[in-house]
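Report on the following structure.
The values are calculated or read from the model by the stated rules, or taken from the named source; none is laboratory data. Bear in mind the structure is a predicted one, so any value in this text is a computation, not a measurement. All Cβ positions, glycine included, derive from the backbone under ideal geometry; neighbour counts span all protein chains shown.
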Amino acid sequence: MSTIKDIAELAGVSVATVSRVLNYDETLNVQEETKKKVFEAAEQLEYHMKEKKKRRRKLKLGMICSYSPEEELEDPFYLAVRIAIEKEIEENGFKRVPLSLEDGTEHLSAVDGLICLGTFSRTTVRRINEFQKPHIYVDAVGNRSTGDSIVTDIRHSVQGVMEYLWEQGHRQIGFVGGYELDSDGKEIFDSRLPVYQQFLKEKGALCDSFIKIGGYTAKHGYRLMKELLNEVRRPTAIFAANDSLAVGCYRAIQESGLKIPEDMSVVGFNDISMAKYLAPPLTTVHVHMNFMGRKAVKLLAELIQQERRVNIHVSVPTELIIRESVGRVEK
């Protein structure tokens with residue numbers, strides 16, 4: 001660590017002056033400029049010492065996914081994030097080590113840090129903490145005091161969708177979403193739903209029969225949309241919790257002889273690669289999946305190499321991509 005003598009040499013003052021400045025000696029009569037030099041010198045030396053402590057060796061990063069390969073294909077959001085993670089690891093010359101929670105300590109001891117992608121139960125979070133490895137959660141928040149995390153800003157994203165549909169004259173807005181069970185058997189409901197409900201409640205336009213909850217795949221979207229179409233009163237617009245659900249909604253709507261957006265508007269979420277190729281192209285929320293994946297690797301490498309003691313929680317904003325699946329309702 002740096003000494004008072006090092007600070008004195010860098011600031012160009014005596015050791016005694018440094019000591020008294022750093023101890024806030026009120027009897028010391030020196031100019032503010034001198035005090036500034038002392039404090040700046042102390043900060044510079046502290047920074048350089050941390051830089052020297054960085055480990056420059058190539059890192060081995062373990063990757064734990066909470067979902068199966070089949071589930072990844074049904075909802076390509078995680079596929080896109082995983083590819084971004086793998087690209088960033090490769091471009092930095094790091095090594096990716098696929099892991100599962102069932103792996104023994106010999107596998108875990110070989111990695112420098114962990115990237116955890118998906119949905120994790122409280123029990124799983126505790127177990128990851130027990131590994132005592134630097135780690136980051138992607139699209140989830142584990143324990144804020146023990147690891148980093150990077151997530152999508154859901155609240156502002158959904159608020160933007162609802163405001164856009166309202167501006168287009170839609171007052172009867174349906175929601176097609178999902179829920180899942182974590183490894184503890186606890187139900188995890190879609191965090192988009194309460195934002196949707198609050199918006200319409202404040203407008204006096206909330207209709208519970210317009211809410212359909214199932215899973216997150218295209219087949220769930222198809223089934224749930226069929227249920228909505230069988231309601232006596234139909235919505236004029238559908239907000240689907242992800243693009244896979246929106247694909248299922250498209251099929252159900254078009255099979256019923258209705259047109260998008262003339263008869264029913266649809267908005268998705270995530271902006272996966274195929275969204276722009278639907279007929280009509282899907283209006284959806286663009287989630288910065290590539291950024292999230294790459295940033296996760298950067299944050300974890302920083303956490304390891306700089307031995308950062310402060311954990312970071314990153315909330316990434318989104319962008320509403322307006323294409324052709326939303327029509328205007330004339331009042």
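Tabulated results
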read-out: Within segment 301-312, tally of residues that are in contact (Cβ under 8 Å) with a residue 24 or more places away in the chain and exposed (fewer than 13 other Cβ atoms within 10 Å of the Cβ); value: 1
read-out: Residue check, Phe94 at pLDDT 90 or above, touching a Leu at 6+ places or on another chain (Cβ under 6 Å) and over 21 Å from Glu187 (Cβ atoms); value: yes
read-out: Number of the exception - Lys201 against (1) under 24 Å from His288 (Cβ atoms); (2) surrounded by fewer than 22 Cβ atoms within 10 Å (Cβ to Cβ); (3) not acidic (Asp, Glu); value: (1)
read-out: Long-range neighbours under 6 Å by Cβ, at least six apart or interchain, first residue under 18 Å from Glu163 (Cα atoms) and in contact (Cβ under 8 Å) with a residue 60 or more places away in the chain within segment 252-281, second in a helix (DSSP H, G or I) and not acidic (Asp, Glu); value: Val266/Ala246; Val266/Cys249; Val267/Val161; Asn270/Phe77
read-out: Condition met for Ser145 (among the polar types (S, T, N, Q), in contact (Cβ under 8 Å) with a residue 60 or more places away in the chain, within 22 Å of Arg82 (Cα to Cα) and outside any helix (DSSP H, G or I)); value: no
read-out: Options Val310, Val247, Val285, Val329; residue that is on the phi < 0 side of the Ramachandran plot and assigned to a strand (DSSP E or B); value: Val285
read-out: Residue count, segment 204-226 (criterion: in contact with a Cys (Cβ under 7 Å, 6 or more places away or on another chain) and without any contact (Cβ under 8 Å) to a residue 24 or more places away in the chain); value: 0
